[in-house]
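Note sheet for the following structure.
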Ligand SMILES: Nc1ncnc2c1ncn2[C@@H]1O[C@H](COP(=O)(O)OP(=O)(O)O)[C@@H](O)[C@H]1O
Ligand SMILES: [Mg+2]
Ligand SMILES: [Zn+2]
């Protein structure tokens, strides 16, 4: 820039931290010399805003909050209240470096994605954590696109955020079946996050039951007549890994949107 005509807009100084971005908080009750500093609310707000736009939450789920998740409508299955309770506690207290994630299981329309989005929004806004939302199909597409034909390898750098983010939501795991090499990359992502003690929230429409033919599972004849299970879709090895990585939340009942249609709502 030429010249020296830089006009400085008056900056509003945050009264809490006087612009430093840090505020003092009391430590142990009663002790005056145990004072700690924490990020000031003003910084959390701007950090929250940029994290929120980086989280890739799809527009159609932007309205989803834990506070507008209804557990109390006529005929609501009790598992919704239980799921909401677990989700709220998780959003408040989870340690993204060590605590288990959540595996949210239920039929379509039971509010799995709503809860998952509600959780990460709170983690972002209230706790300043970096979170990322990925629809499973989108992730598979991105893995496919990251394949570099010239050097015949996957360029994992493109996927770095999926490995590194504090909390990853993987929505609708198992919705499609990827080719073997794409699945290898999905496994690598989930296993790396597990080994690095990072938290992953997964939703799936498939019942948490073994794959057909897995030991202890149904006879082939009975398996043929049942619906596909999570084990069928992702394999027993990954299903048992998810059990180590995640606490299970089951949402039961019918499609939430159906109740409005039936009640003649719009
Ligand atoms: N208990 C609930 N309270 C409020 N809205 C809900 C509830 N369950 C589902 N919804 C809404 O219904 C729609 C479908 O829910 P969604 O979370 O996408 O279901 P799923 O992921 O289980 O298929 C979304 O718009 C969501 O916000
Ligand atoms: Mg969903
Ligand atoms: Zn401040």
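The values are calculated or read from the model by the stated rules, or taken from the named source; none is laboratory data. This one's a predicted model, so the numbers in the text were calculated from it and none came from an experiment. For neighbour counting, all protein chains shown are included, and Cβ atoms are generated from backbone atoms with ideal geometry for every residue, glycine included.
Taking segment 234-266 as the range and being modelled with pLDDT under 95, in contact with a strand residue (DSSP E or B) (Cβ under 9 Å, 6 or more places away or on another chain) and more than 11 Å from ligand 1 (Cβ to nearest atom) as the test, no residue passes.
Within segment 36-61, no residue that is more than 17 Å from residue 17 (Cβ to Cβ) sits with its Cβ atom under 6 Å from a residue that is modelled with pLDDT under 90 and surrounded by 17 or more Cβ atoms within 10 Å (Cβ to Cβ) at 6+ positions apart or across chains. Where helices (runs of 4 or more DSSP H) fall entirely within segment 71-177, those with at least 2 residues that are within 16 Å of ligand 2 (Cβ to nearest atom) and in contact with a strand residue (DSSP E or B) (Cβ under 8 Å, 6 or more places away or on another chain) are at 78-93, 112-127, 136-145.
Being touching a residue at least 12 places away in the same chain (Cβ under 8 Å), more than 16 Å from ligand 1 (Cβ to nearest atom), closer than 18 Å to residue 120 by Cα and exposed (fewer than 14 other Cβ atoms within 10 Å of the Cβ), is that true of even one residue in segment 180-193? Looking for residues that are touching a residue at least 12 places away in the same chain (Cβ under 8 Å), more than 16 Å from ligand 1 (Cβ to nearest atom), closer than 18 Å to residue 120 by Cα and exposed (fewer than 14 other Cβ atoms within 10 Å of the Cβ), one finds none in segment 180-193, hence no.
Candidates are the residues of segment 38-76 that are more than 22 Å from residue 171 (Cα to Cα) and within 14 Å of ligand 1 (Cβ to nearest atom); the one that is surrounded by the fewest Cβ atoms within 10 Å (Cβ to Cβ) is 74. Under the condition of being within 12 Å of ligand 1 (Cβ to nearest atom), within 25 Å of residue 193 (Cβ to Cβ) and more than 11 Å from the chain's Cα centre (by Cα), the residues counted in segment 88-109 number 2.
Taking (1) part of a loop (DSSP other than H, G, I, E, B); (2) in contact with a strand residue (DSSP E or B) (Cβ under 6 Å, 6 or more places away or on another chain) in turn, residue 63 satisfies each apart from (2).
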